[in-house]
Amino acid sequence: MKYDLIIVGAGPAGLTAAIYAARGGLKTAVLEGKAVGGQIALTAEVENYPAVEPISGFDLALKMMEQAQRFGAEIIYDQMTNIEPNGKIKKIKTAAGGELEAPCVILCMGASPRNLGVPGEEKFIGAGVSYCATCDGGFFKGKTVAVAGGGNTAAEDALYLSKIAGKVYLIHRRDKLRATAALADSVKASGIEILWDSVIEEVAGGGKVEALKIKNVKSGEEKNLTVDGLFVAIGQIPNTENVGFLEKDEYGYIITKEDMSTSIEGIFAAGDIRSKSLRQVVTACSDGAVAAESAIKYLS
Ligand code: NAP
C-alpha cells in the first residue's frame, strides 16, 4: 500500500501527528503493533492534560484515535519489522507480511519503563504501581509511597513526591546513589527515608498496593513495608529496535532537530522515543503536531 505518510506508533505523539497530517491533506497510515495509546493506555487517570477533566489514559487515547480517523487517517494494527530508510520512498515491512510505502515516515514508538520483574508489579500497574511520578504523583496526596532506584530519575521522583506524599521511601539496591551529588544531597536533606542495600522482592495488596516485601542484600533481613504506592524509576528503554541507522544520544534516544527531523531525510521522530527533557502526554502531542507539519512541508 502507498501512502504520503506512515506514522509508526499510536501513542499520543503518533495520533496527534495523524490528526495534523490527515487534516493537512496527507494520505496517512498509523501502524500500531500493540494497543492504541502506548504508555498512557496503562495510566489509570490523566489529570494534567490541559482543559480535559480527569480521564483514563485509555479513553484519552481512544478520543485521539477517533479524531484522527475522522480526518481520514487509517489505523493499521500491525507491527513494523523492518524499514528501508534510504531512497526517496521508504519501505516498511510488517509482522503480518504487509508492505507499506511512503516518502515520509514519523517514528513514534515511545519508550518502555524498565520493570523490576517481581511478583505483584504487573498486577498492580494503575492500582498503586506507577512508572511516572509527574503523571501519577498527584493521586498520593498525604499518603506513603516508595520509589525504587538510585539514579537521577529516582532522586527527582522522590523529591517531587516528597512535596505531595506524607512519607517517601527511596529503595536502592546499593549503598550509594547513582544520582548526581547535588540531587543526592537534596534527597538526604529532604526527609526522604533511604533504604540502602535493599531490593523489592514482592508487591503485595488486595485490590491495590498495600505493602512491599523488602530484603536487605547485605544482612539478608526481610521486612514488609506498608505503602500506598510504588514508583519504579530504574531506567527506561527507548523502543528503537529496527531503527539502528539513526543518530542517537548517549541513552539511546533518537536525536532530532526542533522540526523533529532525524539524521535521515524524510524520517522524523516524535514523542518519548526522541532525546528531550520532559516526557509527558502534552509534550508528545506537541512533538506529533510539529512532526506532521514538518512532513507536510517536506512533501510539498
Ligand atoms: P539510570 O541512571 O540508569 O539509573 C537507574 C537506577 O536504577 C540505578 O540506580 C540502578 O542501580 C537502578 N536499577 C537498575 N536496574 C535495577 C533493578 N533491576 N532493580 C533495582 N534497581 C535497579 O536511569 P535514570 O535514573 O532513569 O536516568 C537515565 C539517564 O537520564 C541517566 O543518565 C541520568 O543521568 C539521566 N537523567 C538526568 C536527569 C537530570 O539531569 N536532571 C534527570 C533524569 C535522568 P545501580 O545504581 O546499582 O546501577
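The values are calculated or read from the model by the stated rules, or taken from the named source; none is laboratory data. Keep in mind it's a predicted model, so treat the numbers as computed, not measured. Cβ atoms come from the backbone with ideal geometry, glycine included; neighbour counts cover every protein chain shown.
Of everything in the stretch 43-95 that is small (Gly, Ala, Ser) and within 24 Å of Glu122 (Cα to Cα), the residue that is surrounded by the most Cβ atoms within 10 Å (Cβ to Cβ) is Ala61.
Tallying residues that are within 15 Å of the ligand (Cβ to nearest atom), crowded, with 24+ Cβ neighbours inside 10 Å and in a loop (DSSP other than H, G, I, E, B) within the stretch 248-286 yields 0. Please verify whether Val227 is within 18 Å of the chain's Cα centre (by Cα) and at pLDDT 95 or above, treating the condition exactly as stated. So Val227 does not fit the description; no. Residue by residue through the stretch 30-42, note down the ones that are surrounded by fewer than 23 Cβ atoms within 10 Å (Cβ to Cβ) and not in a loop (DSSP other than H, G, I, E, B). Of everything in the stretch 30-42, those that are surrounded by fewer than 23 Cβ atoms within 10 Å (Cβ to Cβ) and not in a loop (DSSP other than H, G, I, E, B) turn out to be Ala41, Leu42. Residue under question is Ser219, and the condition is that it be among the polar types (S, T, N, Q), out of contact with any Phe, Trp or Tyr (no Cβ under 6 Å at 6 or more places or on another chain) and part of a loop (DSSP other than H, G, I, E, B); does it hold? Answer is yes for this residue. The residues of the stretch 210-239 that are buried (at least 18 other Cβ atoms within 10 Å of the Cβ) and of a type in the set (Val, Ile, Thr), listed by number, are Ile214, Val227, Val232, Ile234. The residue that is surrounded by the most Cβ atoms within 10 Å (Cβ to Cβ), counting only those in the stretch 179-209 that are in a strand (DSSP E or B) and among the β-branched types (Val, Ile, Thr), is Val203.
Quick one: what pairs do we get from the stretch 228-255, first residue within 28 Å of Ala158 (Cβ to Cβ), second among the aromatic types (Phe, Trp, Tyr) and away from the ligand (no atom under 12 Å from the Cβ), C-beta under 8 Å, 6+ apart or different chains? Listed pairs, sorted by first residue: Asp228/Phe140; Gly229/Phe139; Gly229/Phe140; Leu230/Phe124.
The conditions of being modelled with pLDDT of 95 or more and in contact with a Lys or Arg (Cβ under 7 Å, 6 or more places away or on another chain) are met by Tyr253. Pairs linking a residue in the stretch 278-292 that is under 9 Å from Met260 (Cα atoms) to a residue that is polar (S, T, N, Q), with Cβ atoms under 7 Å and 6 or more positions apart or on different chains, are Gly288/Thr16. Among all positions in the stretch 53-73, there is no residue which is within 16 Å of the ligand (Cβ to nearest atom) and aliphatic (A, V, I, L, M). Only a single criterion out of (1) more than 21 Å from the chain's Cα centre (by Cα); (2) not in a helix (DSSP H, G or I) is not satisfied by Ile7, namely (1).
Pairs are defined by a Cβ separation below 8 Å, a sequence spacing of at least 6 or placement on different chains, a first member in the stretch 42-70 that is in contact (Cβ under 8 Å) with a residue 60 or more places away in the chain and more than 19 Å from Thr283 (Cβ to Cβ), and a second member that is surrounded by fewer than 16 Cβ atoms within 10 Å (Cβ to Cβ) and not hydroxyl-bearing (Ser, Thr, Tyr); the pairs so defined are Ala44/Ala127. If we keep just the residues of the stretch 108-123 that are away from the ligand (no atom under 16 Å from the Cβ) and buried (at least 20 other Cβ atoms within 10 Å of the Cβ), which is nearest to Glu210 (Cα to Cα)? It comes out as Met109. Restricted to the stretch 96-107, and to residues there that are touching a strand residue (DSSP E or B) at 6+ places or on another chain (Cβ under 8 Å) and outside any strand (DSSP E or B), the residue that is surrounded by the fewest Cβ atoms within 10 Å (Cβ to Cβ) is Gly98.
Would you mention how many residues in the stretch 134-189 are more than 16 Å from Gly235 (Cα to Cα), in contact with a strand residue (DSSP E or B) (Cβ under 7 Å, 6 or more places away or on another chain) and within 11 Å of the ligand (Cβ to nearest atom)? Count: 0. When Thr16, Thr81 are screened for being under 27 Å from Gly138 (Cβ atoms), at pLDDT 95 or above and not aliphatic (A, V, I, L, M), only Thr16 passes.
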